[in-house]
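Down below is the structure, laid out as structure tokens.
The values are calculated or read from the model by the stated rules, or taken from the named source; none is laboratory data. The structure presented is a predicted model; accordingly, all values stated were derived computationally and were not measured. Heads up, the Cβs are rebuilt from the backbone with ideal geometry, glycines too, and the neighbour counts pull from every protein chain shown. Calculation scope for accessible area: heavy atoms of the full protein, side chains included, ligands and nucleic acids excluded. Shrake-Rupley method; radii C 1.70, N 1.55, O 1.52, S 1.80 Å.
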Amino acid sequence: MRLVNLTPDPVSIFDADGQLVEEVLPSGHLAYIEEESTELPSLEGMPMRRVVRGRVIGLLKPEPGVLQLVDSMVFHVSRRVDVVAPGPLLRDSTGRVRGCIGLTALMVYR
């Protein structure tokens, strides 16, 4: 199975024991959700905007043996079995994110 990273950042994937399994570098293609925003009245001087999210942009055509790694928001909207997201975050002792523990995949019911 090959992973294609459709995020702008490298993703470090660890196993349950905290050992690095793979670091997946960005592919140069980005998957994101289109959005429109409109200005709202400010709240006590703070600018406010309403955001309406639309469709997913940038996913590749499904290809046998290829999983597309995206952020969790794109993952939840895409609802495709060839799209995965990082698993739970793995942090160091200072709280800094080191990577993720495994991947999250869509469960398909038959």
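Tabulated data for the structure shown
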read-out: Residues of region 3-41 satisfying the condition of being closer than 17 Å to GLN68 by Cβ and in a loop (DSSP other than H, G, I, E, B); value: LEU6, THR7, PRO8, ASP9, PRO10, LEU25, SER27, GLY28, HIS29, LEU30, ALA31
read-out: Residue that is open to solvent by less than 70 Å² (accessible area, probe 1.4 Å) and under 17 Å from MET1 (Cα atoms), where the choices are ILE13, ILE33; value: ILE13
read-out: Complete set of residues in region 88-108 that are of a type in the set (A, V, I, L, M, F, W, C), closer than 16 Å to GLU23 by Cβ and open to solvent by 50 Å² or more (accessible area, probe 1.4 Å); value: LEU89, VAL97, ILE101, LEU103
read-out: Scan of region 39-55 for residues that are in contact with a strand residue (DSSP E or B) (Cβ under 9 Å, 6 or more places away or on another chain) and either farther than 28 Å from HIS76 by Cβ or not hydrophobic (A, V, I, L, M, F, W, C) (or both), ordered by number; value: GLU39, PRO41, SER42, PRO47, ARG49, ARG50, ARG53, GLY54, ARG55
read-out: Selection status of VAL51, open to solvent by 60 Å² or more (accessible area, probe 1.4 Å) and either more than 23 Å from VAL11 (Cβ to Cβ) or assigned to a strand (DSSP E or B) (or both); value: yes
read-out: Restricting region 59-81 to residues that are modelled with pLDDT of 95 or more and charged (D, E, K, R), the residue that is least open to solvent (accessible area, probe 1.4 Å); value: ASP71
read-out: Unique match (being in contact (Cβ under 8 Å) with a residue 40 or more places away in the chain and part of a strand (DSSP E or B)) among LEU60, LEU90; value: LEU90
